[in-house]
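Everything below concerns the one structure shown next.
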Amino acid sequence: MKVATVGTGFIVEWFLTSVEQNEGAKCVAVYARKDTTGRKLADQYHVEKVYTDFTEMLKDAEIDTVYVASPNSLHYHYALEALQAGKHVICEKPFTSTVDELKHLIQVAKAKRLFLFEAIVTRHMPNYRIIREHVEQLGKIRMIQCNFSQYSSRYDKFLAGENPNVFNPAFSGGALMDLNIYNLHFVMGLFGKPQEVRYEPSLAANGIDTAGVLLLTYPDFQAVCIACKNCEAANYTQIQGENGYLLVSGATSLLQEVMLNLKQKQTNIGTEEIMPGLYYEVKAFVSMMKQGDLDACYRELENSLAVFEVLYEARVKAGIHFAADEETSS
């Protein structure tokens, strides 16, 4: 996998670190709007090429994969152009701004027999596999609680009257898209689509959600997913069943420790082999591409689409409007 990156934020640095740690992956180019910004990132990770023209970069035959980590509202446009140029795509979460955008990307990827991945770490973490293997021991599930709260480094600027992308409806920001999507992937990866979804957000004056509670209703239980960008919390997930519970420490993007409690007997079942950053998702993507396993990739896409449909329904029901909604409907 010879990848080019789009974006220069901290998540790109995490991705490039994980690329360095995975055999079979190499970053060969960096795209940024400003050459100085791109060069700084490229020098840090020993990348030769820096592009400030995205279309020109896509003509580079050495590049086979494009990693998109631009502001949320731009994911669709960068990913679509890359796919149309015959490049595989790894796209940061949230995949797109609307369901129609995501369906179109999937359609193009399948028509061109290209790999298209959502960069969502949760599904690829070793402890998530362990949770899958043990959740049936809990018996009938009765309640799930997820809390992923993180005081945003840009929240003070937002309070001061600035309009950073992550709190801007024009860029498809907000707590639901940025943090609660991890909770949603966690729950739906284990239990599938809920019967009903409701989102109760804390809305700022510009209509963006700085925090919110996502309620997922299943036949026998409910999942309460909390995400806040305006305050901190002790992040955790708890799956409660009639036989006991699973307690996961850390955010649903990390899954740091997994404790299984059955009939008052507590056991640490988590793995200690936890690599930092995005290591495991990059490893999974490299493996699928090396094996040419498009079927596995497209199964993952089905999961991503299912999650995004619920995410989109929750946002629309809550009255959160993005600029991309107008583009999709026009």
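The values are calculated or read from the model by the stated rules, or taken from the named source; none is laboratory data. The model shown is predicted, which means the values in this text are computed figures rather than measured ones. Note that each Cβ is placed from the backbone with ideal geometry, even for glycine, and that neighbours are counted across all protein chains shown. Note: areas computed on protein heavy atoms with side chains; ligands, DNA, RNA excluded. Shrake-Rupley method; radii C 1.70, N 1.55, O 1.52, S 1.80 Å.
How do the helices (runs of 4 or more DSSP H) wholly within segment 45-162 filter down when requiring 3 or more residues that are crowded, with 16+ Cβ neighbours inside 10 Å and at pLDDT 95 or above: which remain?
So the answer is 75-84, 99-111, 126-134.
Can you tell me which residues in segment 2-11 are over 9 Å from Ser70 (Cα atoms) and surrounded by fewer than 22 Cβ atoms within 10 Å (Cβ to Cβ)?
If the condition is that a residue be over 9 Å from Ser70 (Cα atoms) and surrounded by fewer than 22 Cβ atoms within 10 Å (Cβ to Cβ), then Lys2, Phe10, Ile11 are the ones that fit.
Looking at this structure, is Gln256 of a type outside the set (Lys, Arg), open to solvent by 50 Å² or more (accessible area, probe 1.4 Å) and without any contact (Cβ under 8 Å) to a residue 24 or more places away in the chain?
Spelling it out, it is not the case that Gln256 is of a type outside the set (Lys, Arg), open to solvent by 50 Å² or more (accessible area, probe 1.4 Å) and without any contact (Cβ under 8 Å) to a residue 24 or more places away in the chain.
So Leu255 passes all but one of these: (1) among the aliphatic types (A, V, I, L, M); (2) on the phi < 0 side of the Ramachandran plot; (3) at pLDDT below 95. Which condition number does it fail?
The single condition Leu255 does not satisfy is (2).
It is to be established whether one or more residues within segment 219-227 are more than 30 Å from Gly244 (Cβ to Cβ), in contact with a Ser or Thr (Cβ under 7 Å, 6 or more places away or on another chain) and aliphatic (A, V, I, L, M). Break it down into steps so the answer makes sense when it comes.
First pass over segment 219-227, keeping only residues more than 30 Å from Gly244 (Cβ to Cβ): none.
No, there is no match, as no residue in segment 219-227 is more than 30 Å from Gly244 (Cβ to Cβ), in contact with a Ser or Thr (Cβ under 7 Å, 6 or more places away or on another chain) and aliphatic (A, V, I, L, M).
What's the total number of residues in segment 19-44 that are open to solvent by 20 Å² or more (accessible area, probe 1.4 Å), closer than 19 Å to Tyr279 by Cβ and polar (S, T, N, Q)?
Number of matching residues: 2.
Is one or more of the residues making up segment 189-209 of a type in the set (Phe, Trp, Tyr), out of contact with any Leu (no Cβ under 8 Å at 6 or more places or on another chain) and at pLDDT 95 or above?
Yes, segment 189-209 contains at least one residue that is of a type in the set (Phe, Trp, Tyr), out of contact with any Leu (no Cβ under 8 Å at 6 or more places or on another chain) and at pLDDT 95 or above.
So, in segment 319-330, exactly how many residues are open to solvent by 20 Å² or more (accessible area, probe 1.4 Å) and either touching a Lys or Arg at 6+ places or on another chain (Cβ under 9 Å) or acidic (Asp, Glu) (or both)?
4
May I ask you to list the residues in segment 163-209 that are assigned to a strand (DSSP E or B), among the acidic types (Asp, Glu), under 18 Å from Cys231 (Cβ atoms) and open to solvent by 10 Å² or more (accessible area, probe 1.4 Å)?
Result: Glu200, single match.
Would you check which residues across segment 261-293 are among the aliphatic types (A, V, I, L, M), open to solvent by 20 Å² or more (accessible area, probe 1.4 Å) and assigned to a helix (DSSP H, G or I) and list them?
Once the filter is applied, which keeps residues that are among the aliphatic types (A, V, I, L, M), open to solvent by 20 Å² or more (accessible area, probe 1.4 Å) and assigned to a helix (DSSP H, G or I), segment 261-293 yields Ala284, Met288, Met289.
Return the residues of segment 227-256 that are over 20 Å from the mean Cα position of the chain (by Cα) and not in a loop (DSSP other than H, G, I, E, B); say none if nothing qualifies.
Gln238, Ile239, Gln240, Gly241, Gly244, Tyr245, Leu246, Leu247
Step by step: first the residues of segment 294-318, then only those that are open to solvent by 50 Å² or more (accessible area, probe 1.4 Å) and free of Cβ contacts under 8 Å to residues at least 60 places away in the same chain, then the one that is nearest to Leu203 (Cα to Cα). Which residue is that?
Filtering first and then ranking leaves Val316.
Tally up the residues in segment 8-44 that are basic (Lys, Arg) and in a strand (DSSP E or B), please.
Residues that pass the stated criteria total 1.
Residue check: is Leu216 under 20 Å from the mean Cα position of the chain (by Cα), under 20 Å from Arg123 (Cα atoms) and part of a strand (DSSP E or B)?
Yes; evaluated as a whole, the condition is true for this residue.
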